1. If I stretch the segment between Q325 and D284 completely, what's the gain in nm (0.36 nm per residue apart, minus their alpha carbon distance), one decimal?
2. I need the calculated FRET efficiency for the pair E524 and R185, taking r as the beta carbon distance and R₀ as 56 Å, to the nearest 0.05.
3. Please give the calculated 222 nm ellipticity per residue for the chain, where each DSSP H segment of at least 4 residues contributes -39500 (n - 2.57) and the sum is spread over every residue; nearest 500 deg cm²/dmol?
4. For the range 76-169, restrict the atom set to alpha-carbon positions and state the Rg and Dmax in Å.
5. Going by amide H atoms built from the backbone, whose H comes under 5 Å of the H on E623, apart from near neighbours?
6. Percent of accessible area on the range 49-129 owned by carbon and sulfur, 1.4 Å probe?
7. When the Cα centres of the range 382-396 and the range 571-590 are compared, how far apart do they sit, in Å?
8. What pairs in K437/K610; K108/K426; K198/K361 have C-alpha atoms more than 25 Å from each other?
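The values are calculated or read from the model by the stated rules, or taken from the named source; none is laboratory data. Note that the coordinates shown come from a computational prediction; the quantities given were computed from them, not determined experimentally. Heads up, the Cβs are rebuilt from the backbone with ideal geometry, glycines too, and the neighbour counts pull from every protein chain shown. Just the protein is used for accessible areas: all its heavy atoms, side chains included, with ligands, DNA and RNA removed. Shrake-Rupley method; radii C 1.70, N 1.55, O 1.52, S 1.80 Å.
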Amino acid sequence: MNFKSIFIITYFALCFYGCSVTGSIKKEDGSSNFFASSKAKKNLLKNDDSVKVGQFDNGLTYYIHDNQYPKDRLELLLVVDAGSVLEDDDQQGLAHFAEHMAFNGTDKYPKQELVDYLESIGMKFGPDLNAYTSFDETVYMLQLPVENDQVVEKGFEILSEWAFNISFDNDEIDKERGVIVEEWRLRRGAEQRIRDKKLPVYFKDSKYAERTPIGKMEVVENFEYDVIKRFYNDWYRPDLMAVVAVGDYNSGKIEGYIKKYFDIDNKPKNPRERVVEKVPSFSDYRVAIGSDPELSMPSVGISYFYDPYDGDFNEEVYKKALIKQMITSMMNMRLSDLAKKENPDFIYSGSYNVGRYIRSKEMYVFYAGVQENKISQGFESLVREVERVIQHGFISQELNRTKSKFSNDLELASNEKDKTESRRFKFKYKDHYLSGKPYLSIDDQLFLFNLHSENITLNDINTVAKEMFLDNNKVLDFDIPDKDNLEILSDEDVVKIYKKVLSETIEPYKEEAVDVEFFSKDVEAGSIITQQVNNTINTRELTLSNGIKVVYKKTDFKNDEILFTAFSPGGHSLVSDDKYFAATEASSIVSYSGLGPFNQAQLDKFLSDKNVKVEPYINELTEGLKGSSNTKDLELMFQMIH
């Protein structure tokens, strides 16, 4: 790389008023009371009071949040508390079909007129206009430009048309049958086929096992017209609906539009009961093995199912949820380390809390991608790491690092709260409507974290981890390519492997101490040779004594973010053909090879509580570095560049 010709472009906006929202209050004796605040006397687990929430006599609920970012855009949701699990036997697939029909005509916008109108104001399917149907809910999404009040009002009118006035024209229904079948066909990849095989294991003895949102094609192709209208009339009703509006538009006008189009006398007289379908719990574990000839690689996993918490949300509930998030973060760091070992059992691995995959169960998943000759070995390693946590728990270094990471992430989010995109908020209000999950302001989240994190002990962490992973209701998962040279494990084989690991003596986790500094070089500073200002685009250009040019510009896109890219002419187009693949892969190998005195696992731990990233690249015509940091970690970013 020719560093003499490199350019560095930096965009940044500094948090001049101080980036920390917490602080200490001095007492008369000079000591500090870190958490002194009037808020400390309250239960802080309360919903963000900047969000306006209301409900009409017909039962419809609405949420309004005035958010300035992005400018001149408004995000809308119509949330229907009904999905495929509510279908009758002759309606399997019609919850999803009804969602499709919303775009094929309403009373006010027959056939193609609705889509034509939305496209005429610059909206496109996907980013601006979309919908989805799941087991338990159906959600319609619009993103509107707000420069014209008539366009905004039309958006609310369209939501109300979808809610109450889908026309279900017979000819349009018949046209859409083929569209649904084609969508089903395109989705019938290996992963979807395996998922369909596993659902009866996951949700045995419940309607979820047989009510996939895409449904049965024999129903889709042959249902009578009134069958889909029956589903719509039963479940698309105001007491099962919410309207969410988040964006850069006058909240008073928004509320007026919602009242105009949704505060109407259409409450059903004898509504069907909206029952939450229960999934029976089961003792110990089940085995779910899926195989398919088109599956690209094997994977293994453990899926846990829990009854969701349905009581009052208070600070104790918050604390336990925070502990579970910390457990996930620490578990993923351990699994990531295993994947970086020489000749690892995993190609990749991790864990995550799925949340309410269905309304009546929460789901937590461990997963790992494995080589074809290491399927059993990979599963053993995954089970062993879970058992290591159950038997021995985590260690203090892991907890301290995780607390620091969470605090850093929350402080950064608080610094950027006025630059948080509206789309990040809208689904929080959807979740609150459907499951009661609270939506806290970012400042309250940060305050609560600081209030409770110091009181979270290693014993608290290990007690909750044992409770999570010793629980019944777990499924041992295998996805295996169906190949002649690859044996498909039986349920008995899986049980044997599982019990083998449970019978082992497993050593506690040990973490290698790193005593060296990341950057300890004595760097001799150069000098600035020339400076130029470009008043047209507000940039400053420096030429350094080593020949590097630096161009930097202050922006207000973010409050606490620096982005940089560095490049020089060249790239893999200059190498000989026999070195092409080496050149295209070189930057990836460097990225996974550690930095300075740290190997990759040590570097990941070192950077886990910092907001900084630097990575090399080699393109066809250029090569260089790119990355980002916040103001606090700016010097570290330049150390990594060096």
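1. 12.4 nm
2. Working: r = 65 Å, r/R0 = 1.17.
Between E524 and R185 the formula returns 0.30.
3. Calculated mean residue ellipticity at 222 nm is -11500 deg cm²/dmol.
4. Cα only, the range 76-169: 13.5, 47 Å (Rg, Dmax).
5. Counting only residues 5 or more places away or on other chains, the set is S568, G570, G571.
6. 44 percent
7. With the range 382-396 and the range 571-590 each reduced to a Cα centre, they are spaced 41 Å.
8. Details: K437/K610 29 Å; K108/K426 27 Å; K198/K361 16 Å.
Over 25 Å Cα-Cα: K437/K610; K108/K426.
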